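Asker: Just passing along the structure, written as structure tokens.
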Amino acid sequence: CAMDWQVLTRELSLYLESQVRVGLFGSGVGLSLVLGFGVAYACYYLNSIAKKPQLVASNDRFCRFLEEYCPVVTETYYPTIWCWEGRVQTLLRPFITSRPQVQYRNELIKTADGGQISLDWFDNNDSLYYPDVSTRPTVLLLPGLTGTSKESYILHMIHQSETLGYRCVVFNNRGIAGEDLLTPRTYCAANTEDLEAVIHHVHSLHPSAPFMAAGVSMGGMLLLNYLGKTGRDTPLMAAAIFSAGWNVFESVESLEKPLNWLLFNYYLTTCLQSSVSRHRQMLEKLFDMDLVMKARTVREFDKQFTSVMFGYRSIDDYYEDASPCRKLKSVGIPVLCLNSVDDVFSPGHAIPVETAKQNANVALVLTSCGGHIGFLEGIWPRKCTYMDRVFKQFVQAMFEHGNKIFSM
């Protein structure tokens, strides 16, 4: 840390000397003040902001496996020096990060209730490491609440997978990716039926291929709820979870604080309303859509729409069922979960640290900064985030060395 401080201070001093003119009348006071502030800020950043993440895992072998094959989870995370606060990272990430070009192959699959699900495949047929389609490792990606295969964080995961030679498939929730609703049903964080159908479908197409999944935000919640339900009875060999909301009651309470409502809650509510308004003619068969469109918070939307659609007696029953912290003990495959403790969507005090310690298959990686799906790093964090690096290293570790995880 002392070496980092010395290097950063020296570089900052050289930059300021070349860019900042000597103060008024040549006194040099202005330069001294700027240098003093810069050194003080650098010291504060290195001592209070840049920290190693907290790795929580009860299984020593899992820890050793991660330390050897996924070392990024033990290295100091240096958030972008001018953009480290959680809300700022959350707001800026979609605008700052690049959007890699990805060519998808779309597939619509039918569900048991007569609905349809849109899957976007990145086959990676140019893979040099895995030219055999039948055994090419496959990663199933689950976007967030109103997200699709076009989200920048999904595109970056596919880009990382492409360099490793893997195949990806993105699970778009019903009615989100431009396809029509064939039945008056969308999706929620608690109901895993569609995810089960997708996992079965993908595995049936490539039964000899190693198979993993990664979920982001609500996608991570859905994946955790699925894993808690199925235990070891799943074709998935492992999973990665990013910025999941562990306790929905705590998440909505945090999002309803005045500043968070202004910055996130109202916008997210309008996104939810927009996603269902396109299917209004179908949904009006069962719902009072005028009432749904009057919601001003996520809680109000879920009360009038989501909890009713999936047959819950109350919104509290839905939120209890949707909270992955209740099912974490039952997860039966290796799972790595990345959260930032300053994430307003998933408050640090609601992260189930003690519960995670009771399951040898679970490892939590907790950073002090990063926000919600933020994890920006570098001076200009356009190409790769800390989350991207965790995803890449963990997926590669499991596909290429997963058989060693319980033998170390």
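The values are calculated or read from the model by the stated rules, or taken from the named source; none is laboratory data. This one's a predicted model, so the numbers in the text were calculated from it and none came from an experiment. Note: ideal-geometry Cβ built from the backbone for every residue, glycine included; neighbour counts use all protein chains shown. For accessibility, only protein heavy atoms count, side chains too; no ligands or nucleic acids. Shrake-Rupley method; radii C 1.70, N 1.55, O 1.52, S 1.80 Å.
Asker: How about the stretch 360-377: which of its residues are over 13 Å from the mean Cα position of the chain (by Cα), of a type in the set (Gly, Ala, Ser) and open to solvent by less than 10 Å² (accessible area, probe 1.4 Å)?
Answerer: Matches in the stretch 360-377: 363 only.
Asker: OK, next. Looking at the stretch 26-47, which of its residues are at pLDDT 85 or above and either within 18 Å of residue 238 (Cα to Cα) or open to solvent by 50 Å² or more (accessible area, probe 1.4 Å) (or both)?
Answerer: 47
Asker: Restrict the check to the stretch 384-392 and report whether at least one residue is part of a loop (DSSP other than H, G, I, E, B), within 16 Å of residue 55 (Cβ to Cβ), open to solvent by 10 Å² or more (accessible area, probe 1.4 Å) and out of contact with any Gly (no Cβ under 7 Å at 6 or more places or on another chain). Break it down into steps so the answer makes sense when it comes.
Answerer: As a first pass, look at the stretch 384-392 and keep what is part of a loop (DSSP other than H, G, I, E, B): 384-385.
This time we only want the ones that are within 16 Å of residue 55 (Cβ to Cβ), so: none.
No, the stretch 384-392 contains no residue that is part of a loop (DSSP other than H, G, I, E, B), within 16 Å of residue 55 (Cβ to Cβ), open to solvent by 10 Å² or more (accessible area, probe 1.4 Å) and out of contact with any Gly (no Cβ under 7 Å at 6 or more places or on another chain).
Asker: Let me ask you something else. Residue 384: of a type in the set (A, V, I, L, M, F, W, C), at pLDDT 95 or above and assigned by the TED database to the domain that holds residue 74, yes or no? Working first, answer last.
Answerer: Numbers: of a type in the set (A, V, I, L, M, F, W, C): yes; at pLDDT 95 or above: no; assigned by the TED database to the domain that holds residue 74: yes.
Here the answer is no, as residue 384 does not meet what is asked.
Residue-by-condition table, conditions (1) touching a residue at least 40 places away in the same chain (Cβ under 8 Å); (2) under 25 Å from the mean Cα position of the chain (by Cα):
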site	(1), (2)
267	no, yes
272	yes, yes
282	yes, no
286	yes, no
293	no, no
296	no, yes
301	no, yes
305	no, yes
309	yes, no
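Asker: Just for the stretch 239-262: of the residues that are of a type in the set (A, V, I, L, M) and crowded, with 22+ Cβ neighbours inside 10 Å, which one is nearest to residue 319 (Cα to Cα)?
Answerer: Result: 248.
Every residue, every condition in (1) touching a residue at least 24 places away in the same chain (Cβ under 8 Å); (2) part of a loop (DSSP other than H, G, I, E, B); (3) under 26 Å from residue 394 (Cα atoms), yes or no:
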{"site": "84", "(1), (2), (3)": "yes, yes, yes"}
{"site": "88", "(1), (2), (3)": "yes, no, no"}
{"site": "126", "(1), (2), (3)": "no, yes, yes"}
{"site": "134", "(1), (2), (3)": "yes, no, yes"}
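Asker: Residues that are in contact with a helix residue (DSSP H, G or I) (Cβ under 9 Å, 6 or more places away or on another chain), open to solvent by 20 Å² or more (accessible area, probe 1.4 Å) and among the polar types (S, T, N, Q): does the stretch 162-174 have at least one?
Answerer: Yes, the stretch 162-174 contains at least one residue that is in contact with a helix residue (DSSP H, G or I) (Cβ under 9 Å, 6 or more places away or on another chain), open to solvent by 20 Å² or more (accessible area, probe 1.4 Å) and among the polar types (S, T, N, Q).
Asker: For residue 318, state whether it is closer than 24 Å to residue 371 by Cα and part of a helix (DSSP H, G or I).
Answerer: Working: closer than 24 Å to residue 371 by Cα: no; part of a helix (DSSP H, G or I): yes.
Considered against the rule, which asks whether it is closer than 24 Å to residue 371 by Cα and part of a helix (DSSP H, G or I), residue 318 comes out as no.
Asker: Could you run through the stretch 305-343 and say how many residues are charged (D, E, K, R) and open to solvent by less than 10 Å² (accessible area, probe 1.4 Å)? Give the steps one after another, and end with the answer.
Answerer: As a first pass, look at the stretch 305-343 and keep what is charged (D, E, K, R): 313, 316-317, 320-321, 326-327, 329, 342-343.
Still in the running and open to solvent by less than 10 Å² (accessible area, probe 1.4 Å): 343.
Residues in the stretch 305-343 being charged (D, E, K, R) and open to solvent by less than 10 Å² (accessible area, probe 1.4 Å): 1 in total.
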